[in-house]
Structures are given as structure tokens and as C-alpha cells.
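Every number in this text was worked out from the coordinates using simple rules, so none of it is lab data. Worth saying up front: this structure is predicted, and the values here are computed from it rather than measured. FYI the Cβ positions are ideal-geometry reconstructions off the backbone, even for glycines, and counts take in every protein chain you see.
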Amino acid sequence: MVTEAFASLVGQAQAIALLQGAVATNRIAPAYLFVGCPGVGRSLAARAFIELLLLADIPRQEQPSVQKRLQQGNHPDVLWVEPTYLHRGIRLSAGELEQKGIQRQGKPQIRLEQIREITRFLSCSPLAASHQVVVLKQAQTMAEAAANGLLKTLEEPGQATLILIAPSIESLLPTLVSRCQQIPFYRLTLPKLETVLRQTGHQEILAHSEILALAQGSPGKAIASFTQLQAMPSELLNQLLVPPQTPRQALELAKEIDKILDLQAQLWLLDYLQQSYWQTQTEPVIIQQLEKAKQYLLNYAQPRLVWEVTLLDLNQALFL
């Protein structure tokens, strides 16, 4: 059962050994911090670990039904928490925004109200297992009030295990980190990255060296980047793969980008262009200008103005 739970997790031997050992010896920590870059299997490991925890005390004949509920995400003793956006006073996840066709504005957060929901969840006794599990995805997005509220829960978790998922230790309050057992996750080597992409049916990505380079050892990022590439208008992308040769072309491209791409797509485009130019151009000024544009967008500067300045600067630097 232990081996089967982690069968699909590739390249994270240390994390698997630590989690398997905790279950095998029945030494479960009150809280864990799954730390590492996005897309390398942290959420997958959390699901496998939850499966081991909840099946440990259940008769074998009942385990398939429990596994099915876990896969469907409706187990009564498991709570998944992810950052939300505020839209007209209503909290919505990134997926819910996309379903409603609402453009993302601002940065998502795990909010104090969500921490209070965790407290209410844990105040009830487990319904179908020996204890409860709470997973906080992108824990680094917790607002200060939310992080302080979570500290109280970590001090007295009761019959519960909390799993925080974050990209780095530095992204969380030291007081939160000190109350968690750290489980490290690492970027995958290129052969293991390719293995995951084949296993998940994304072998077509292997033909795109720029996507593999952009992924930096993260299968999740490779898949997300390829999906974004497929959605990108090919004519626009082809025009941007060569620096604009006239100021007029630069301004027209900036207008088109602002018109058809949302902020997240623009940020991805800058990453993609940096990688592509790094492979084909020898001028470091291009990479520097694109990085500067990314920082401006992250600070909510007006996108069209950012692209106009960036593309005009590239034109002047390379053709004047």
C-alpha cells in the first residue's frame, strides 16, 4: 500500500522516504511543510500521504471506497485550502474565475476568513477516519493576519495533521516554519522530467526545447507553459520572436498584446521570449529589457505602456 500510493511520484526519493517512514512508525508530525518549486509533485505527494494516513486504520475491504472519495476530493475529514481572489466581495479561486470568464486582478491570498474556516473544520470530530488533514496550497500567499491566525492552530492541532505547501522556507514566517517538519522537493533532472511528461501523456512537449528549458526541472511548469503556448496567437508570437524593426511596428505590437492577452499571459510571454532570445540572440540587452518589463507588470504598471516602452527600447538598442 505504501509503495502504490507514491507510485506516480518521480524524482522525490527523499520526500517519499520521510513520509513513508512517518506512517510506518506511526510518528506523524502535527504539521508538515512541503517545500520546493511548483510543479515537481508537492500536491501529488500530499494526496499520497493523505491516502496512507486515512487508510492506516481502515479494514482492507473498505479501502477502495475511501480511495475513491479521496480521488474525487469529497472526503469529509480532508480540507484543501487555496488562495482566493476577491471579486465584488466574493472569494473565488483561480479556477472559479476562469470558469466565470473573469480576468484576474491583484494577487490571490489565503485570507483570515479561510483560516477561521479551518478552525471550524477542526473543531468537529473526524467523521470517517481517525484524524483530519488540512492542506494549504501556496501557503506563502497568506496575509499577515491569516498567518498569525494559523499559528494558534499549529500550536494545538488536536486530532489533525496540517500540510503547508510553499516554494521556499523564506516565503513563510519563521514562526510557522519552526512548527512544521520540513519535507524537501527538488527540481527534476531532464531525463526524469521527460519520464513524467511521457507518463502523463504530454510527450509532444519533448519536441519543444524552449519549453523544457523554461520548465527548469518542473513538469507542472512545462505542461502549463505548453498549454499557454498553444493558446498564444501564432502570428503575434512569430512577430515577437524578432525585435521590432521600426517604432511603428513596436507600437502596433504593444497595442495588440494589451488587447488580446491578460496579465498572466503577458507575464508568461515575457518568460518565453527571454528563453527564446537567450537561445537565438547574443545581445544581453534584450534579456535585461524583458526582465525589466516583467517587474513593471508585477507592480501593476499599465501593460500597454510597459510593452510600448520595452519594444521601443529594443528597437532603438538593436537597429539604431
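Return the single residue from Gln230, Gln182, Gln138 with maximal mean-square fluctuation; model: Gaussian network over the chain, springs between Cα atoms under 10 Å.
Of Gln230, Gln182, Gln138, the most mobile in the Gaussian network model is Gln230.
With angles folded into 0 to 90 degrees, how steeply does helix 112-122 sit against the dominant principal axis of the chain? Use alpha carbons for both and round to 10.
Relative to the chain, helix 112-122 is tipped by roughly 20 degrees.
Report Rg (one decimal) and Dmax (nearest whole number) for the stretch 2-186, counting Cα atoms only, units Å.
Just the Cα atoms of the stretch 2-186 yield Rg and Dmax of 16.3, 48 Å.
Which value at 222 nm does the chain reach when only helices count, each DSSP H run of 4 or more adding -39,500 (n - 2.57), with the total divided by all residues and rounded to the nearest 500 deg cm²/dmol?
Details: 16 runs with 175 residues, N = 320.
Computed ellipticity for the chain at 222 nm equals -16500 deg cm²/dmol.
At R0 = 25 Å, how high is the FRET efficiency between His202 and Asn74 if r is their beta carbon distance? Nearest 0.05 is fine.
0.35
Express in nm, to one decimal, how much length is gained between Arg248 and Glu291 on full extension, taking 0.36 nm for each residue of separation and deducting their alpha carbon distance.
My answer for the length gained is 13.2 nm.
Just to be sure I understand the model, the point goes 7 Å from the Cα along the line to the Cβ. What's the resulting Cys124 to Leu237 distance in nm?
Distance between the two pseudo-spin positions: 4.6 nm.
Once both labels are modelled 7 Å past Cα along the beta-carbon direction, what's the Glu117-Ala24 spacing in nm?
3.7 nm
Work out how much length Ser209 to Arg91 would gain on full extension: take 0.36 nm times their residue separation and subtract the Cα-Cα distance, in nm to one decimal.
Working: separation 118, 0.36 × 118 = 42.48 nm, distance 3.82 nm.
Extra length from Ser209 to Arg91 when fully extended: 38.7 nm.
Working out 0.36 nm times the residue gap between Ile102 and Ser8, then minus their Cα-Cα distance, what length gain in nm do you get to one decimal? Can you show the working numbers first?
Numbers: separation 94, 0.36 × 94 = 33.84 nm, distance 3.37 nm.
Extra length from Ile102 to Ser8 when fully extended: 30.5 nm.
Kindly write out, for the stretch 264-272 in residue order, the coupling ³J(HN,Hα) from the Karplus curve 6.51 cos²θ - 1.76 cosθ + 1.60 (θ = phi - 60°), rounded to whole Hz, with x marking Gly and Pro.
4, 5, 5, 5, 4, 4, 5, 4, 5
Throw me the Rg/Rh for the chain, computed over C-alpha atoms with Kirkwood Rh, two decimals.
Working: Rg = 22.5 Å, Rh = 21.9 Å.
My calculation of the ratio gives 1.02.
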